[in-house]
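K.L.:
Before we start, here is the structure in question, set down as structure tokens.
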Amino acid sequence: MSANSTYPRIAVVDIPGKGKGVVALEPIPRGTRIISEKPRIRVPCYEDPLRRRVPDLGTLSESDLAFFMSFPCDEGLDPVMGRLRHVIPCAGSDDEAFGLFETVCRFNHTCYSPLDRPNALYTWVEERKEEIVHATEDIAENEEITVAYIQAKTHTEDPKALLVQHWGFQCQCAGCQRPRPERRTSLRRIKSYRQYSDNLPMRMLPFSGESPLRLLKDIEHNILSICAEGYVWEIGTCAHDAFQLCAFHGDGASAARWEVMAREVHRVIHGTDGYQYKKSADLVAKPSTFREWAALGTAKKFRGPSDEVLVCFKNAVMSSNPPRCNHRDCPKKDLATEFKRCKPCIDKLGLEVNYCSVECQTADWKAGHKSACGKAVKSVVLVSPLNV
């Protein structure tokens, strides 16, 4: 079903109890782009969701109209509005439109929770006018590919009710089946994380009275807290927050160690050709290019992520089962073997990059590791000390 033959083979099939869904027809490693797709039908965006509609169904071709009508509509709902439940926001697009996609709109939902999470994530790419989907877990052959309709910042007090209201289905995932007290505990942690996110910009200002080192500890606390709720990709957001804190005070070594975590999250969910990855990679290589570098002078030296955060990051972003060589085209990547680690990545970034042979290390260097390696990190001259 993929629009490009270089993407892994997938298929839209009937999923018992769910209607249509998408399954993998071959194993898909974490970080693989599953599909890149343009919307088949674009829907204007109105502030009032009840006014969102296809302007005139009569303007659609016969095949597009049949495609539109192929989406399910619950009995008793308006036949147009009921089907518009399936549109996806083209987030960040100039017209803030919604789209109905041939394949992307067929991916079913799994909630983020301490017990489970989806194995894929979709992102709108404005410069390409496409929705891309990346595997965020290793996906087995014949396994259903799922995404989450609810993110950490849109998580509500009753996500099950939201799913019924907006998408018309009762979620049966492991997280939703937990006892109500457990779900309330999760909600409190997510609310606390959202409050932390909202307040962080003000807390970083010099007149806030906040100790920078105490703030760094709070960032780490929130990384561990939100990852425990299954929202592991928030590691990238929090790591960039820590990078900014270190960069504000001119500590390039610590800043690089934080930003490399954000870079690797972008590698998985956006791909190395996305602007998010490239921007993050540039900051890792040369933290002093940050627009507000050393804006607050230099505090006492910061530090990179704690061991606890690194374990969380490795499990969420870097690990695979079985372990694999970092060279994507390694023929032995699915076999048990002893790996050697890239020393500059360990020494400068604290990042484990594995290779099974010199040949794979050389090939991966030419394929792009040259610009992402710890060797590429520029040394930074710190500004004069400032008491904070």
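The values are calculated or read from the model by the stated rules, or taken from the named source; none is laboratory data. The structure displayed is predicted, hence computed values, not measured ones. As a convention, Cβ positions derive from the backbone with ideal geometry for all residues, glycine included, and neighbour counts pool all protein chains shown.
K.L.:
Is there a residue being closer than 25 Å to ARG178 by Cβ and part of a strand (DSSP E or B) anywhere in segment 88-99?
P.N.:
There is no residue in segment 88-99 that is closer than 25 Å to ARG178 by Cβ and part of a strand (DSSP E or B).
K.L.:
Restricting attention to segment 145-172, and to residues there that are closer than 16 Å to ARG33 by Cα and not polar (S, T, N, Q), which single residue is surrounded by the fewest Cβ atoms within 10 Å (Cβ to Cβ)?
P.N.:
This residue is VAL147.
K.L.:
Report, by residue number, each residue of segment 166-187 that is over 25 Å from PRO16 (Cα atoms) and of a type in the set (D, E, K, R).
P.N.:
Once the filter is applied, which keeps residues that are over 25 Å from PRO16 (Cα atoms) and of a type in the set (D, E, K, R), segment 166-187 yields ARG180, GLU182, ARG183, ARG184.
K.L.:
When segment 195-233 is examined, which residues are found to be more than 26 Å from LEU296 (Cα to Cα), of a type outside the set (A, V, I, L, M, F, W, C) and part of a helix (DSSP H, G or I)?
P.N.:
Passing the criteria: only SER225.
K.L.:
Right, VAL311: of a type in the set (Val, Ile, Thr), in a helix (DSSP H, G or I) and either modelled with pLDDT under 85 or surrounded by 20 or more Cβ atoms within 10 Å (Cβ to Cβ) (or both) or not?
P.N.:
no
K.L.:
Next up: Of the residues in segment 245-289, how many are surrounded by fewer than 20 Cβ atoms within 10 Å (Cβ to Cβ), touching a residue at least 40 places away in the same chain (Cβ under 8 Å) and not in a loop (DSSP other than H, G, I, E, B)?
P.N.:
Within segment 245-289, residues that are surrounded by fewer than 20 Cβ atoms within 10 Å (Cβ to Cβ), touching a residue at least 40 places away in the same chain (Cβ under 8 Å) and not in a loop (DSSP other than H, G, I, E, B) number 3.
Residues are listed down the side, and each one gets a yes or a no for (1) among the small types (Gly, Ala, Ser); (2) crowded, with 19+ Cβ neighbours inside 10 Å; (3) in contact (Cβ under 8 Å) with a residue 60 or more places away in the chain:
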residue	(1), (2), (3)
ALA174	yes, no, yes
THR185	no, no, no
CYS227	no, yes, yes
GLY236	yes, yes, no
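K.L.:
Considering only segment 2-18, state which residues are modelled with pLDDT under 85 and within 23 Å of the chain's Cα centre (by Cα).
P.N.:
SER2, ALA3, ASN4, THR6
K.L.:
Would you mind finding the one in SER371, SER320, SER384 that is hydroxyl-bearing (Ser, Thr, Tyr), modelled with pLDDT under 80 and closer than 25 Å to THR136 by Cβ?
P.N.:
Step by step, each of SER371, SER320, SER384 is checked, and only SER320 is hydroxyl-bearing (Ser, Thr, Tyr), modelled with pLDDT under 80 and closer than 25 Å to THR136 by Cβ.
K.L.:
Here's a follow-up. Of the residues TYR122, TYR112, which single one is free of Cβ contacts under 8 Å to residues at least 60 places away in the same chain, touching an Asp or Glu at 6+ places or on another chain (Cβ under 8 Å) and closer than 23 Å to ARG267 by Cβ?
P.N.:
TYR122
K.L.:
Could you check segment 347-365 and list, in sequence order, the residues that are surrounded by fewer than 21 Cβ atoms within 10 Å (Cβ to Cβ), among the hydroxyl-bearing types (Ser, Thr, Tyr) and not in a loop (DSSP other than H, G, I, E, B)?
P.N.:
Within segment 347-365, just THR362 meets the criteria.
K.L.:
Next question, about the same structure. May I ask you to list the residues in segment 256-285 that are in contact with a Gly (Cβ under 9 Å, 6 or more places away or on another chain), over 23 Å from TRP124 (Cβ atoms) and not β-branched (Val, Ile, Thr)?
P.N.:
ALA256, ARG257, TRP258, MET261 - these are the residues of segment 256-285 that are in contact with a Gly (Cβ under 9 Å, 6 or more places away or on another chain), over 23 Å from TRP124 (Cβ atoms) and not β-branched (Val, Ile, Thr).
K.L.:
Which number in (1) farther than 23 Å from ILE15 by Cβ; (2) surrounded by fewer than 17 Cβ atoms within 10 Å (Cβ to Cβ) marks the one condition that ASN142 misses?
P.N.:
(1)
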